[in-house]
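The values are calculated or read from the model by the stated rules, or taken from the named source; none is laboratory data. Just so it is clear, the structure is predicted and the values come from calculations on it, not from any experiment. Neighbour counts are summed over all protein chains in view; Cβ atoms, including those assigned to glycine, are modelled from backbone coordinates with ideal geometry. These area figures cover heavy atoms from the full protein model, side chains too; ligands, DNA and RNA do not enter into them. Shrake-Rupley method; radii C 1.70, N 1.55, O 1.52, S 1.80 Å.
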Amino acid sequence: MEKAKISASQLFILMVLFELGSSLLVPIAMDVKQDAWLAILLGMVGSFVLFLVYNKLHSYYPDLLPTEYMQKIMGFILIVCSGLIKFINLQPVLEEGVLPVLKVAFTQTIYFPFAEAIVFTMILPYLKDQKKAKLTMLCATGLSGINLTITMLINISVLGVDLTARSQFPLLSTVQSIQVADFLERLDVFFMLALVIGGFIKISVLLYAAVIGTANLFKIKSPSRLSYPLGFVILCMASTIASNFQEHLHEGLKVEMFILHMPILEIIPPLLLLVAFLKNRKKQRE
């Protein structure tokens, strides 16, 4: 581990910016049309359970990174994502019943963007006040979920279901629609700021976690040496994994969801928690 330390407020800000990052810009949960906002809320609530799992694991091993406590838990085994608003666009609520919304919430929005913040388990050991970890993570996720819900409500209210689903960046289309008193318009710059800042924060956190995790696994004393090699690998993969934005969305929201997100975010942590609980219970008895 590095000797760096961060405060609970810094962790909170990082998590909020990370979770809002790219998810604020793209059309998420549009499989359930005008009920997308509801799927986001349910996904947020569902992610609280996963965060409690992540936090409990961290409480067992407060000074260890996940790459370390995975090895401790599992042994030589290494377990390797303006007047424009028309509320009628949100109707009818639950047009096709509650089941499609629950399906999207627990197969999509719970993972993107909320459970992606499992990456912060790589940062929790650096938190100054470990007792604030759980509350900080839940509050950050709650604030992010509410912001995303409001954003999706506005997008659908302004653009309608069809245009929101077809738009690559519905928030940009919504912002471009704003025109107040013939002088307040062309607010695209705010979208670009959100795109650059959110994307930068998210990529930075993911890269940092990759660097310290790799350094820890391979016993490299100076993690900074891996910054450029891993950055180069990420650059190459970013330009080869998907040839266009639509393919990127398909792979990120459909393919990766089942290959990476479900095992890493939903299956492995509870299994680790179960083994850690049994091991710690055995130690207490002894």
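Scanning for something under 17 Å from Ile28 (Cβ atoms) and modelled with pLDDT of 80 or more, does region 122-141 turn up at least one residue?
Yes, the conditions are met somewhere in region 122-141.
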When residues of region 5-22 are limited to those that are touching a Lys or Arg at 6+ places or on another chain (Cβ under 7 Å) and in a helix (DSSP H, G or I), the one farthest from Leu102 (Cα to Cα): Ala8
Lone qualifier among Lys219, Lys254 - being at positive phi and loosely packed, with under 14 Cβ neighbours inside 10 Å: Lys219
Residue within region 219-226 that is outside any loop (DSSP other than H, G, I, E, B) and under 23 Å from the mean Cα position of the chain (by Cα) present: no
Every residue from region 127-158 that is more than 19 Å from the chain's Cα centre (by Cα) and buried (at least 19 other Cβ atoms within 10 Å of the Cβ): Leu127, Leu153, Asn155, Ile156, Ser157, Val158
Qualifying positions in region 228-247 - closer than 25 Å to Leu11 by Cβ and surrounded by 15 or more Cβ atoms within 10 Å (Cβ to Cβ): Leu230
Counted residues, region 23-43 - those being open to solvent by 20 Å² or more (accessible area, probe 1.4 Å) and in a helix (DSSP H, G or I): 7
